[in-house]
1. Using DSSP to define loop residues, name the chymotrypsin sites (Phe, Trp or Tyr not before Pro) in region 94-187 whose beta-carbon has at most 16 other beta-carbon atoms within 10 Å.
2. Across region 347-352, in residue order, what do the Karplus-derived ³J(HN,Hα) couplings come to in whole Hz, using 6.51 cos²θ - 1.76 cosθ + 1.60 with θ = phi - 60° and x for Gly and Pro?
3. How high is the relative contact order of region 100-183, given as a whole-number percent (alpha carbon pairs under 8 Å, six or more residues apart)?
4. Based on other C-beta atoms within 10 Å, arrange THR330, THR193, THR211, THR253 from fewest to most.
5. For a quick check of your reading of the filter: which trypsin sites (Lys or Arg not before Pro) in region 255-341 sit in a DSSP loop and have no more than 14 other Cβ atoms within 10 Å?
6. Where Rh is the Kirkwood radius over the Cα pairs of region 119-427, the temperature 10 °C and the viscosity 1.306 mPa s, what D in µm²/s does Stokes-Einstein return?
7. Would you work out the relative contact order for region 119-427, in percent, from Cα pairs under 8 angstrom that are 6 or more residues apart?
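FYI, it's all coordinate maths here, none of it is from the lab. Quick caveat, the model's predicted, so the values are computed rather than measured. So basically every Cβ, Gly included, is an ideal-geometry build from the backbone, and we count neighbours across all protein chains shown.
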Amino acid sequence: MDRVLHPPLVDSTACLCRVDTGLKTVAGVSRYVPGTKLCLRPDIKPSIHPTRNKPARGDRSSNQSPLLPGLPDDLAIACLIRVQRAEHRKLRLVCKRWHHLLASNFFYSLRKNFGIAEEWIYVVKRDRDGKISWHAFDPVYQVWQPLPPVPKEYSGALGFGCAVLSGCHLYMFGGRDPLKGSMRRVIFYNARTNKWNRAPDMLRRRQFFGTCVINNCLYVAGGESEGVHQCLRSAEVYDPNKNRWSFISDMSTGMVPFIGVVYEGKWFLKGLGSHRQVLSEVYQPEADSWYPVYDGMVSGWRNPSTSLNGQLYALDCKDGCKLRVYDEATDSWSKHIDSKMHLGKSRAMEAAALVPLNGKLCIIRNNMSISLVDVSKFEDLKGSSAEHLWETIAGKGQFKTLVTNLWSSLAGRNRLKSHIVHCQVLQA
């Protein structure tokens, strides 16, 4: 039997060092330049693995060459942080100091604080054979970037959750392993180091559950568990600062959620109960309480959906070329943003995700085509057309016409080869 290779066990809060929130300039950079001081919170164990004895800090720094010849290190870093994210893999190959610098929290904290950090779209797909793969799209160069493989335990998993914490950590958790059944396992990918790591297991095994992030805490609720012939009511939360899971209040009724969104600080969930009835609940973190909800927002709610700048959006057609906006004043989905460029109803053109990206809404389809919508300008239209608000940034399959779709269906070639199961945005 093949030995399972697990990702390295490291503390999941290593990215949440004080540099992220306390550093505004490159002044005094020598405190954080690799080789002089590690950028880790002192109250966190940096690694569970034994390490070799290293020379004293003063011995290392005295023999180091500058990051860029002829420049002090603070000016060198001021230059390096402005290099496009797509080139960082090449920069790491220049020398050891550059490699350590570009794998540090300090480097990416500066990019974040100066507004230089770039957002990439990460797409998790399942192919025709049920295998999981994932891909990263760089909207600056508009190309797909290579990624390390998904860890073996999630290469064929079903019903697992996916969420982002701290802007740079993509978590995969729970789900069902085809051989071992329901899982409690939690792993995460660090966009700053381009590596997978382990995090504490969930408190309960579950699959096909709801998940969200509120105040940088990861919430999961409902779903199913092997051996339990009914929907789960239990819910739990992971706090990365404490690096542990805790139970929260149970849901009013167990359900398997098929749609969820955070809106106005509350977590809305809609799904199927034990008797296949449609249920909807909302969770308030401050009160740690659940209660049923049946208003116009829930009744007209469709998947995928997301919130941006206090507004709630949902796709209104299969190809995602028409957006609906929830109007709280009338408690209805009365506003529409239409591209007038519909792509057809094939499975390949079906919109699988709706996520915020650089202040705009991003629509990702199963054929990996991507559209951006500048919803910030929608209120200024006053009845005029919204077509100019739409932009195509990834066009694979985008120009397939309705006639071509029909011909492919008649020829039997329109069967979906793969489909998107999760989509997130990571910053680095």
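1. Listed in order of number, the matching sites are PHE114, TYR141.
2. 5, 5, 8, 5, 6, 9
3. Averaging sequence separation for qualifying contacts and normalising by length gives 16 percent for region 100-183.
4. The most exposed by this proxy come first: THR330, THR253, THR193, THR211.
5. Loop-located and lightly packed - ARG276, ARG302, LYS340.
6. Estimated via Stokes-Einstein, D reaches 78 µm²/s.
7. Relative CO of region 119-427 lands at 14 percent.
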